[in-house]
Amino acid sequence: MPTILDPATTVTPRAPMRPRPAAHGRAVGAAALAAVAPLPAPGDEPAQARVRAFIDGEAMAALLGEAGCTTELDRDDAGHPIVHSAASGWRCSIYFYHCAMGSDCRAIQDAARFESDGGVSAATVNDWNMTLLYGSAHLRDGDVWLEYDVKLDGGVTDAYLTDTAVLYEELLVAVAAHIDFD
């Protein structure tokens, strides 16, 4: 059974998926939410409540900076932003996808490479992928890569983006232990 990492980095079993009754639709939930919690006027919401349907490198670097991370902004050959950072001693990068003119990106990917020179087996990497819900590991040229994708379509809050960075840091520590990487 797959497991997930909670904020305290403990591993807990994932609850089985249950189908939702057909009468309980998205429109009913949205209407109930709107009736209980009206949205603030644009510009009046606190930063953590701001909803983003896209982000650029500068904004992501600023969010990580507010969370205490050191960042470095770069660009790839296509002009898309890359934010380099370090989490728990591991260097990682955030790549931006589905961008308009190098900004307004609708997806990001946290990625880190563990240089193993072929010392980690495919079975070890597959075990990681089969037992944990978040983050995907794979072998490329003998090295282990850990990736975590975040899609912003429909909107996500700044708090959610910060939480994904914290989760990714936990994943880095966990995968390093899983593959016996020092």
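Give the residue, chosen from 143, 153, that is over 21 Å from residue 98 (Cβ atoms) and in contact (Cβ under 8 Å) with a residue 24 or more places away in the chain.
None of the others qualify; the one that does is 143.
Take residue 157 and decide whether it is among the β-branched types (Val, Ile, Thr) and either out of contact with any Lys or Arg (no Cβ under 7 Å at 6 or more places or on another chain) or over 18 Å from residue 64 (Cα atoms) (or both).
Here the answer is no, as residue 157 does not meet what is asked.
Read the figures in this text as sums done on the coordinates, not as results from a lab. Please read these numbers as outputs of a predicted model, since none were measured by experiment. Using ideal geometry, Cβ is built from the backbone for each residue, glycine included, and neighbour counts are taken over all protein chains shown.
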